[in-house]
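Let me begin by presenting the structure, written as C-alpha cells, before commenting on it.
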Amino acid sequence: MSFLCGLPLLECVYCLACARWAWKRCLHSAGHDSENWGFATVEEFEPIPRLCRYILSVYEEDLRQPLWAPPGGYGIIPDFLLLKKTYEDTCGRAPPYVLYLDHEHEDIVLAIRGLNLAKESDYAVLLDNRLGKRKFDGGYVHNGLLKAAGWVLDAECEILKDLVEKHPNYTLTFVGHSLGSGVAAMLTMLVVQNSHRLGNIDRKRVRCYAIAPASLPCLLCMRCMRDTCIPEEKMLKDPRRLYAPGRLYHIVERKPFKMGRFPPVVRTAVPVDGRFEHIVLSCNATSDHAIIWIEKEAQRALDLMLEKVEPMEAPAKQKMERQETLTRHKVEYKAALHRAKTLHVPHAYTPPSEYGTFDEEGDASSTRSQGESSNKSSVDESWDALIERHLDKDEHGHTVLKKQ
C-alpha cells in the first residue's frame with residue numbers, strides 16, 4: 001500500500017525535476033556563459049576564418065575543381081597540399097584530414113574534418129569513452145580521441161618532423177571541427193609533451209584551434225535528470241570530467257527571445273566555470289554546428305572588426321597593441337588560476353603559461369620524463385603501443401594503469 005501511495009509522489013518529483021531542467025536550459029543561451037568576457041582583437045582572431053576554410057577543403061575530392069568552395073575560395077594553393085587522407089586511408093581510426101604548407105602565413109597546418117553522421121567509425125571514436133576511463137599526464141582525457149590522435153601522429157610523424165626542420169620559422173597548427181576538434185586538441189598535447197618525436201620542436205611554435213558550436217541538442221531524459229541533481233561546484237571538483245582546454249573564442253550572433261541573427265561579436269577569455277558544458281535546447285543546433293556556417297559567421301565577424309580598425313596603423317602602435325594583448329592574456333590566465341583555486345578544481349596549482357594550456361613546470365617535467373624514458377622505448381614506437389604499454393585490464397575487463 002505504501003509503495004502504491006508513494007508512486008504518484010515519485011512521479012511528481014521526477015516531472016518537477018525534468019521541468020526545472022528544461023526551464024533552465026530553455027532560458028539558458030550560450031551568450032550567458034560569455035557575457036562578462038572581453039572582446040577579441042583582430043590580430044588574435046584573424047586565423048579563425050582562414051582555418052575554417054582549410055577544414056572545409058577536406059570535404060572536397062579535388063581542390064583543383066572544387067564543388068563547394070565558399071566565396072573567395074579556400075585560400076589553398078593545390079601544389080602545396082602535401083597530404084589528403086580519406087576514411088579509406090585511415091581505416092576509420094581517425095577522421096579524414098589534410099596537411100597544407102601555408103607559405104603565405106608561414107604555417108604548417110594539419111586540418112581535421114568533423115563528425116560524419118553516416119560513418120560508424122566516427123561514432124566508434126566518439127563513444128569510446130566513459131568517465132575516468134583514460135588518464136593522461138596527471139588528468140583525464142577522452143579515450144577515443146586520444147587513440148585517434150595517436151594514430152594520426154604515428155602516421156604523419158616523419159613528414160611533420162621533416163617540415164618543422166626544413167622550415168624552422170614556421171608554426172605548426174592543428175585545427176579541427178566537431179569530432180576533429182577533439183582529435184586536434186589531443187594531437188597538440190601529444191606533440192607538446194613528446195616534442196622529441198618532431199625534432200624537439202619549440203612548443204611556442206605549436207598551436208591548436210578546436211572549432212565547435214557552443215550548444216548541442218539533448219535527447220536523453222536520464223541525462224537531464226542526472227545533470228539537474230549534480231551541482232556545478234561538484235562537477236568542477238571531479239577531475240574525471242572533461243572540458244574544453246585553453247583560451248575560448250565565442251562568436252555571439254544570437255540573443256535570447258529574439259528572432260534571427262545579429263551582427264556577430266567575438267568574446268574571449270580563459271574561463272574555469274561556464275565553459276559551455278551545458279546542453280542547450282536550440283532549434284538552430286544543427287545549422288549552427290555546420291563548419292560552413294561557422295566559417296561564414298567568423299569571416300563576417302572579422303570583417304566587422306576590421307572596419308573598426310584605423311587604416312594603415314603605424315608599426316609602433318601595432319606593436320604596442322600586440323604587447324597589450326599579451327599582457328591581458330597573462331592577467332586572464334592568472335585570474336583563471338585564482339578562480340580554479342577558489343573552486344578547488346583538481347590540479348589547479350601549477351603556474352599558467354602565456355602560450356596556452358600547457359605550463360612551464362609541466363614542460364620541464366615532460367622533458368625530464370622524455371629523457372628518463374628514452375632508454376625504455378625507442379622513438380619509432382607507435383602511439384598505440386606506447387599507450388597500451390602503460391595500461392592493463394583487471395578481472396572485470398576495466399582498463400587500469402599497470403603497477404610498476
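Since every read-out is calculated from the coordinates, none of them should be taken as a lab result. This is a predicted model, so every value here is computed, not measured. When we count neighbours, we look across all protein chains shown, and the Cβ atoms used for this are built from the backbone with ideal geometry, even at glycine.
Remarks
- Take 291-301, 70-80 and order them by the average number of nearby Cβ atoms within 10 Å per residue, most first; the result is 291-301, 70-80.
- Each peptide among 9-18, 200-209 gets the average number of other Cβ atoms lying within 10 Å of its residues, and from highest to lowest they stand as 200-209, 9-18.
- When the C-alpha to C-alpha distance is required to be over 28 Å, the pairs from Lys84/Lys166; Lys166/Lys296; Lys119/Lys296; Lys135/Lys334 that qualify are Lys166/Lys296.
- Highest-first arrangement of 61-69, 145-153, 324-332, where packing means the average Cβ count within 10 Å: 145-153, 324-332, 61-69
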